[in-house]
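What follows draws every value from the coordinates through simple rules; no lab data is involved. What you see is a predicted model, and the numbers here were worked out from it, not measured in a lab. Neighbour counts are summed over all protein chains in view; Cβ atoms, including those assigned to glycine, are modelled from backbone coordinates with ideal geometry.
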Amino acid sequence: MNLSDFARERHVEPQTVGKYVGRHPEVAKFTIKRGKDRELLTEAVEILDKVYPLPKPVQVIQGVPQEEYQKLLEENNRLMARMVELQNERIEDQKKLAAAEATAILLEDKEKQLSEKATDLDRERERTAKAEARLADQDVRIRELQDELDRERSKSWWDKLRGR
């Protein structure tokens, strides 16, 4: 393998690899100079692999690199958890709202019942007042009749005394 091909595979400039080889005689001894390029022997490739490893292939999931996919997945999980929290809050709010509406309906019903009772009570008071007025009139009439009866009795008593 030549030095230029090695550098391209590792996404490094050939000059960078060439300088490294020139500065390290333990690697240079496993190279063969061929014109402007160097041929790397297996031993040189093994040594340089440790310094310039092949880039790890990017695993692509659904057209997205794995690292980005992982970040997106974590963000999605975080958002899903937040959505569940919000849905639970919404359910609790709906329960509270339903309870408040039920209470309002009960209060309206109680107010209606109280209003009906007040109306019934007013009617009963009117009937009682009329009955009391009739009783008062009857009391007056009874006293008048009582007085008249007393007068009749006293007349009759005088009449009896006189012999009539």
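Could you tell me what % of all Cα pairs in segment 3-67 have separations over 13 Å?
Working: 1347 of 2080 pairs.
The calculated P(r) of segment 3-67 puts 65 percent of pairs beyond 13 Å.
Tell me, what ³J(HN,Hα) does each residue in segment 108-115 have, in order and in whole Hz, if you take phi through Karplus 6.51 cos²θ - 1.76 cosθ + 1.60 with θ = phi - 60° and put x for Gly and Pro?
4, 5, 4, 4, 5, 4, 4, 4
Cα centroid distance between segment 12-53 and segment 126-140, in Å?
The two parts, judged by their Cα centres, are 129 Å apart.
Please report the relative contact order for segment 3-55, taking Cα pairs under 8 Å with a sequence separation of at least 6, and give it as a percent rounded to a whole number.
Dividing the mean separation by the residue count of segment 3-55 yields 34 percent.
Specify, per residue and in Å³, the volume enclosed by the convex hull of the alpha carbon atoms belonging to segment 1-130.
154
Would you mind computing, in nm to one decimal, how far apart the modelled labels at Glu26 and Ala98 are, each placed 7 Å from Cα along Cα→Cβ?
Once both label points are built, they end up 7.6 nm from each other.
7 Å from Cα along Cα→Cβ at both Leu145 and Gln66: what's the point-to-point distance in nm?
In this crude label model, Leu145 to Gln66 measures out at 11.6 nm.
For segment 147-155, what does the Karplus curve 6.51 cos²θ - 1.76 cosθ + 1.60, with θ = phi - 60°, yield as ³J(HN,Hα) per residue in whole Hz, taken in order and with x for Gly and Pro?
Residue by residue, segment 147-155 yields 4, 5, 5, 4, 5, 5, 5, 5, 5 Hz.
Under a 5 Å amide H to amide H cut-off, with H placed in plane at 1.01 Å, what residues pair with Arg38 once short-range neighbours are removed?
When sequence neighbours closer than 5 places are left aside, the close amide H contacts are Leu3, Ser4.
With labels modelled as points extended 7 Å from the Cα through the Cβ direction, what inter-label distance (nm, one decimal) is found for Asp109 paired with Val45?
8.8
Need the full-extension length gain, Ala133 to Leu121, defined as separation in residues times 0.36 nm minus the C-alpha distance. One decimal, nm.
2.5 nm
Find the relative contact order for segment 1-110 and round it to a whole percent, using C-alpha pairs within less than 8 Å whose residues are 6+ positions apart.
Relative contact order comes out at 18 percent.
Sorted by packing (mean other beta-carbon atoms within 10 Å per residue), highest first, where do 65-73, 3-11 land?
My ranking of the peptides, most packed first, is 3-11, 65-73.
Find which of Leu41, Ala100, Leu73 sits farthest along the positive direction of the dipole of the chain, computed with +1 on the beta-carbon of Lys and Arg, -1 on that of Asp and Glu, about the Cα centre.
Leu41
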